1. Please go through segment A:16-45 and give me each residue that is among the small types (Gly, Ala, Ser), in contact with a helix residue (DSSP H, G or I) (Cβ under 9 Å, 6 or more places away or on another chain) and open to solvent by 40 Å² or more (accessible area, probe 1.4 Å), ordered by number.
2. Name the single residue that is farthest from the chain's Cα centre (by Cα) among those in segment A:57-85 being assigned to a loop (DSSP other than H, G, I, E, B) and surrounded by 14 or more Cβ atoms within 10 Å (Cβ to Cβ).
3. Counting only residues that are touching a Pro at 6+ places or on another chain (Cβ under 6 Å) and modelled with pLDDT of 90 or more, which one in segment B:6-31 is most open to solvent (accessible area, probe 1.4 Å)?
4. Looking at the structure I just gave you, is residue B:144 outside any loop (DSSP other than H, G, I, E, B), within 28 Å of residue A:228 (Cα to Cα) and open to solvent by 30 Å² or more (accessible area, probe 1.4 Å)?
5. Has segment B:71-82 got any residue that is out of contact with any Ser or Thr (no Cβ under 8 Å at 6 or more places or on another chain), assigned to a strand (DSSP E or B) and at negative phi?
6. Scan segment A:130-160 for residues that are part of a loop (DSSP other than H, G, I, E, B) and touching a helix residue (DSSP H, G or I) at 6+ places or on another chain (Cβ under 7 Å) and report the count.
7. Working only within segment B:112-126, note down all residues that are more than 10 Å from every other protein chain (Cβ to nearest Cβ) and open to solvent by 40 Å² or more (accessible area, probe 1.4 Å).
8. Considering only segment B:78-93, state which residues are within 12 Å of chain A (Cβ to nearest Cβ) and either more than 23 Å from residue B:119 (Cβ to Cβ) or aliphatic (A, V, I, L, M) (or both).
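The values are calculated or read from the model by the stated rules, or taken from the named source; none is laboratory data. In this text the structure is predicted, and so the values were computed from the model without any measurement. As a convention, Cβ positions derive from the backbone with ideal geometry for all residues, glycine included, and neighbour counts pool all protein chains shown. Protein only, heavy atoms only, side chains kept; ligands, DNA and RNA dropped before computing areas. Shrake-Rupley method; radii C 1.70, N 1.55, O 1.52, S 1.80 Å.
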Amino acid sequence: MQDFGAAFGQAFALILSGDADLLEIIGLSLRVTFSAVALACLVGLPLGAALAVGRFPGRMAAVTVVNALMGLPPVVVGLGVYLMLSSAGPLGVLQLLYTPSAMIIAQAILVAPIITALTRQVVEDLHGEYDELLRAMGARRLATIATLLWDARYSLMTTALAGLGRALGEVGAIIIVGGNINHVTRVMTTTIALETSKGNLSLALGLGIILVGLALLVNGLVMGLRSSAARLAYA
Amino acid sequence: MHDGLQRQAVPQAAAAPRAATGIWPLELHDVSFAAGGKALTDRLSLRLRPGTRTVVMGPNGAGKSLLLRLIAGLIQPTGGTITLGGRPADAAARRRIALVFQRPVVLRRSVAANLRHALAVYGVPRGERARRIDALLALGQLEALAGRPARVLSGGEQQRLSLVRALAAEPELLLLDEPTASLDPQATAAIEALIGQAAAAGVKIVLVTHDRGQAQRLADEVLFLHRGALAEHSSADAFFNKPSSAAAQAYLEGRLLL
């Protein structure tokens, strides 16, 4: 317990010192996470909306698959991306393995099904309300999807938040494709795993505190924005 | 702004009716619609012409709202055909038809943004939209509410927005499904005034209502539906003074139609 308390003290001291290595790790973590979530949103938002609005054979099967993919094991995704990006793999020529780009790709693959599945649910609910109006107006499919995505934007922030939570805390996939290389691909979660295994609890705890703090901050901002929107009846 | 809408927005000029175009006459030929094995309309045939205000009446479940949805193309008949200008109704022709629902559906946007969205869907060039929005806001007396979220408006204000949004399409036919069903007299009067302006500008009105007073104020002719069939199609004068069907007579006398 004494060690634990001391570790906490050192962790706070480390945070307050503004250690350059620590800042680099935090910066890379945020870059990888936000890039992955943005990429996943680019794919997942329109795909989820299309699944909500579209009526085509196999739609239910597609919805089931997307829902199932929300539980993708990170290490399996990491392995898959590793095989694709390794020098013997089909995308090996890009030489992305052990780079932040590979980590972004892996995280985006993990997050995209979450964004897609939750978007489908949110948009489907709103579509139930708007469907007859938009059809009576003669809105085309793309215009309908754009309308629904825009009007569901505050609810979709929560969707993105769920993806962000998954990405921010992810370690299994990015440690495989990133390799946890110091000053290159070392991020908060991989550092926590490494430092814990080395017994350096202060750095691990310091990063853990920052990680939780960041998650709380982003959640707080989004929920605040959503509450304001709800008060104005935009959400 | 399009000439048609200008006529609606400027009451003094509202008397000049627009020229009838390709959707007339609108005809239903033996139109049936069944759901769950139950026939909701049964071989309905009728012909609508421009220039008159048609009020659709009948007891609950008679098929009034269903008739509007069939005409608007929101549901497809399970039997028979609907023709516009002698041709089967297609998407292009149906863009000349606008529908206002009983419960207004407004987007999660400001009043002005709701109108901007409608104009975009109707294909109005971006450069014209601001001017059109101003005219529509004036038409609906919604100028002071332009920046407010549409969903916080009162029921009457939301319905006025729905109505001017429908008029943004510059329709030849405006279908209204009990647009004042839950409104107070003041809000009802505002909606009826807008309907009157649209009709004076040459927009054909087909209005579903349970309100006999409203029907008498607005109707040139009445369609009376009973059990999914057309029981009577006559002038308003004839319908209210000398209904030809027993069902219509019972309805007007306030007897329960089972």
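1. A:35, A:38 - these are the residues of segment A:16-45 that are among the small types (Gly, Ala, Ser), in contact with a helix residue (DSSP H, G or I) (Cβ under 9 Å, 6 or more places away or on another chain) and open to solvent by 40 Å² or more (accessible area, probe 1.4 Å).
2. Looking at the filtered set, the residue picked out is A:72.
3. B:24
4. yes
5. Yes, some residue in segment B:71-82 is out of contact with any Ser or Thr (no Cβ under 8 Å at 6 or more places or on another chain), assigned to a strand (DSSP E or B) and at negative phi.
6. 3
7. Those that are more than 10 Å from every other protein chain (Cβ to nearest Cβ) and open to solvent by 40 Å² or more (accessible area, probe 1.4 Å): B:116, B:125, B:126.
8. B:91, B:92, B:93
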